[in-house]
1. Since residue B:410 meets every condition but one in (1) open to solvent by 20 Å² or more (accessible area, probe 1.4 Å); (2) closer than 26 Å to residue A:103 by Cα, which condition does it not meet?
2. Taking only pairs six or more apart or across chains, which ones have beta-carbon atoms under 6 Å, a first residue in region B:202-213 that is more than 18 Å from residue B:100 (Cβ to Cβ), and a second residue that is open to solvent by less than 60 Å² (accessible area, probe 1.4 Å)?
3. Collect the residues in region B:540-577 that are away from every other protein chain (no Cβ under 14 Å), in a helix (DSSP H, G or I) and closer than 23 Å to residue B:391 by Cβ, keeping them in residue-number order.
4. All but one of (1) in a loop (DSSP other than H, G, I, E, B); (2) crowded, with 20+ Cβ neighbours inside 10 Å; (3) of a type outside the set (Val, Ile, Thr); (4) in contact with a Phe, Trp or Tyr (Cβ under 9 Å, 6 or more places away or on another chain) hold for residue B:415, so report the exception by its number.
5. Could we say that residue B:589 is closer than 25 Å to residue B:429 by Cα, of a type in the set (Phe, Trp, Tyr) and either surrounded by 20 or more Cβ atoms within 10 Å (Cβ to Cβ) or within 14 Å of chain A (Cβ to nearest Cβ) (or both) here?
6. Spot the failing condition for residue A:158; the list is (1) outside any strand (DSSP E or B); (2) away from every other protein chain (no Cβ under 13 Å), and only one is missed.
7. Go through (1) touching a Ser or Thr at 6+ places or on another chain (Cβ under 7 Å); (2) closer than 30 Å to residue B:360 by Cα; (3) aromatic (Phe, Trp, Tyr) and name the single condition residue B:93 misses.
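The values are calculated or read from the model by the stated rules, or taken from the named source; none is laboratory data. Please read these numbers as outputs of a predicted model, since none were measured by experiment. Please note: Cβ atoms are built from the backbone with ideal geometry, for glycine as well, and neighbour counts cover all protein chains shown. These area figures cover heavy atoms from the full protein model, side chains too; ligands, DNA and RNA do not enter into them. Shrake-Rupley method; radii C 1.70, N 1.55, O 1.52, S 1.80 Å.
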Amino acid sequence: MKKPPQCACCGNKPAVGRGPYRRGFLSKLLALALGALALAVPAVVGLISALNPLRVKGQGGRFFRVTSLDALPEDGTPRRFPIIADRKDAWTLFPNQPIGSVFLRRTGPSEVKALAVICPHAGCFIDFDAKAGGFLCPCHMAHFDLDGKRTDEQSQSPRDMDPLEEVEIRDKRDVYVKFQRFQTGTPQRIVEA
Amino acid sequence: MRKLYYWLDDRTGALGALKAFREARVPGRACPCRAMPFLLVFAFLAQGITGLFMLMYYSPGAQSAWESVHHLQYDVTGGWILRAAHHYGGQAFLVLAGLYLVGMVLRGAYRAPREFVFWTAVLLVLVSLGSLLTGDLLAWDQNSQSSTLVRTKFLALLPGVGAGLFKLAAGGPDFGHLTLTRFLALHTIVMAGALAVLLALRAWFARRAAAMVQDEVRFFRPFWPTQFLINVGVCVLFLVVIGALVASHGVAGPERGVELGAPADATDFYAAARPEWAFMGLYGFSNLFPGELKLLPIFVIPGIVVVLLFLMPFIARLGVLGHALNVLVLLGLLAADAGLSWMVVVEDRANEHQQAALAEGRRDAERARELIALRGGIPVEGALTLLQEDPKAQGPKLFRQHCASCHAFVGGTDEDIPASEVSSPNLFGYGTRAWIAGWLDPDKIKSDDRFGKTAFRNGKMAQFVKDTFSDLEKEDEEERDLMVAALSAEAALPAQADLDKKDSERIAEGRDLLADCTDCHKYRKGGSLGTAPELTGYGSRDWTLAILANPAHPRFYGDRNDRMPIYAPTADDAKNVLSRRELELLTDWLRGQWVEP
Ligand code: FES
């Protein structure tokens with residue numbers, strides 16, 4: 001019979017000791033814990049980078065010049081305007097891109113109200129429906145009046161349209177809006193970080 | 001030879017496995033009804049194979065995902081078949097998993113000792129739904145991006161963790177590159193891996209359960225070859241069905257295979273977005289609930305249904321009644337899903353908004369295809385920019401947004417844009433002879449299509465036209481036609497270039513006649529600005545750009561301008577309502593000036 005090849009490390013020494021081999025509780029525990037830990041290392045390394053998006057902030061909370069006052073019909077018809085800024089998608093920079101939109105509506109000679117276009121329900125873009133004289137979200141058909149109030153008996157939207165409270169008219173003609181986005185789906189209005 | 005055999009078996013145990021396979025038994029006669037697990041594995045492998053080859057063509061990234069799919073669909077030989085086979089194959093897998101589950105309940109085969117077999121089947125259905133959901137986004141066309149966005153936003157409904165979960169799924173605060181890379185990893189590794197594990201577990205559990213009832217069943221027949229043959233036959237039949245689906249939109253032309261919509265715009269929302277059929281029932285269901293209670297239809301109730309499914313084997317222990325209850329619940333759920341899906345389809349069909357948005361989406365998709373063909377490729381910024389810089393695609397959108405509150409664009413084509421409340425001229429056919437003729441016709445100039453709803457309804461021009469062109473003699477009519485041809489030639493419309501060239505003599509005659517208009521209008525050397533719009537270059541690109549920028553300029557209406565907004569009073573885009581680029585797009589669209597194949 002051929003001898004089994006020698007192991008360079010232990011030399012295939014027979015196990016010594018009396019009686020049957022004993023598996024100590026401690027070594028079992030240690031084996032399991034170490035095994036789990038070893039697997040956890042690559043998992044944690046991966047997770048750390050996978051969680052990175054939590055740190056990335058949106059572009060809300062700043063004032064943007066949206067348009068000039070003349071662009072707003074005197075009769076108070078709302079118009080949708082893009083918010084133009086540099087947009088960054090992970091590694092790509094898009095200079096001067098629409099990063100969102102707002103509805104502006106003239107409520108006085110130099111008074112402007114702003115509403116977010118994003119539907120509080122699930123984030124579709126709300127349309128202005130000129131025929132109905134109000135707003136309409138095409139995704140689940142939520143209706144709103146000119147002030148953004150819900151008009152359906154049972155609305156798909158958990159709250160009225162989100163107003164952007166801070167609107168400034170600078171130099172008597174430039175409309176600036178503090179752009180903000182809100183969490184969708186909640187009855188309360190929560191500003192998105 | 002024999003030696004080789006034994007050597008092989010000794011080292012690998014291959015013969016033993018082969019023997020086990022040959023001796024595997026099925027309870028009772030060979031029957032297609034037992035083919036489902038086999039078919040599930042086959043359908044899964046088919047998805048793996050087509051998926052692998054699709055992956056060789058796919059490039060996740062907001063400016064490359066759609067583009068790479070477009071390449072696969074239209075440039076690669078057989079690419080459309082590959083894509084359609086994977087698309088329908090995935091949906092078929094869901095259907096098969098669902099049928100397997102339902103079949104198990106109807107036959108009572110979910111009861112002890114097959115609980116675990118049943119539970120893996122439930123998980124198979126859920127994971128294949130997840131697989132569809134993650135795979136759908138990857139095409140990155142308008143519908144897949146927008147509908148996935150809505151679904152992902154529903155995560156935000158979960159109290160506390162929702163907002164964070166959304167960011168994790170999307171890879172950031174918005175959809176973009178990282179959403180695609182994430183969904184690709186989920187779809188190709190996580191979902192596919194989970195399905196593979198579940199299929200293996202299912203086989204394992206089914207074996208154990210069979211071993212337990214072995215002695216209760218009297219007749220066992222070999223699996224090989226009859227049942228195997230039947231199984232393979234069923235798989236072939238399955239392939240035929242998939243083949244029919246792949247070919248259901250024809251085998252030639254751009255519509256073949258699976259539709260690829262217009263490229264997604266991460267900063268916009270596709271108004272016609274709807275989920276795939278598999279989620280349509282849930283969509284309809286959630287629509288029954290008011291906004292404040294959305295958590296119920298989207299998470300709580302589906303969660304309860306899943307728990308209920310898991311409990312079915314235990315409910316069945318209550319005896320015949322329990323089993324009957326399970327069957328009833330399951331069939332009820334299916335019926336409700338079908339009913340709700342149907343309701344959505346019916347509602348959408350009757351919904352003008354939805355239909356208009358759909359039609360616009362289709363037009364954009366077609367135009368994107370055209371533009372890519374014309375360019376001979378897609379520029380590095382992506383296909384979306386091609387569309388965004390195209391007058392034919394952007395014109396109607398800009399017009400709807402900025403002009404259609406007063407102007408109509410209606411000429412009896414399917415691209416008509418009615419005004420929300422007509423108060424100014426219909427701009428369909430802008431600058432063409434037919435359109436110009438309307439201005440020199442005493443009936444038409446006062447119609448709603450021209451000055452009817454404006455301050456000029458009873459103005460000098462209307463009066464002049466009435467005095468000059470009413471009840472014309474034959475030769476006067478001819479003179480008017482010459483004037484129309486000459487004025488229309490000022491626009492130099494691309495579509496009329498040949499006609500203008502052919503009629504150059506008549507146009508020259510007409511020009512002389514237009515000298516009559518210089519009492520009010522400036523035309524070439526005659527007349528002066530300040531009383532009425534200039535006729536030199538009337539309707540040309542420059543002229544149109546200028547009047548859109550500032551109709552109250554002395555060259556046009558001056559201080560008599562009637563309600564037409566001043567879109568670009570300054571040279572600085574940042575201070576204007578419409579940018580130079582937008583004015584150009586509108587102008588080129590009005591004048592029919594765009595590239596055509
Ligand atoms: S997203 Fe607006 S109603 Fe659902």
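1. Exception for residue B:410: condition (2).
2. B:212/B:113
3. B:541, B:542, B:543, B:544, B:545, B:546, B:547 - these are the residues of region B:540-577 that are away from every other protein chain (no Cβ under 14 Å), in a helix (DSSP H, G or I) and closer than 23 Å to residue B:391 by Cβ.
4. Every listed condition holds for residue B:415 apart from (2).
5. yes
6. (2)
7. Exception for residue B:93: condition (2).
Residue by residue, here is whether (1) facing chain A (nearest Cβ under 10 Å); (2) more than 16 Å from the ligand (Cβ to nearest atom); (3) touching a Pro at 6+ places or on another chain (Cβ under 6 Å) holds:
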site: B:249; (1), (2), (3): no, yes, no
site: B:269; (1), (2), (3): yes, no, no
site: B:283; (1), (2), (3): yes, no, yes
site: B:302; (1), (2), (3): no, yes, no
site: B:306; (1), (2), (3): no, yes, no
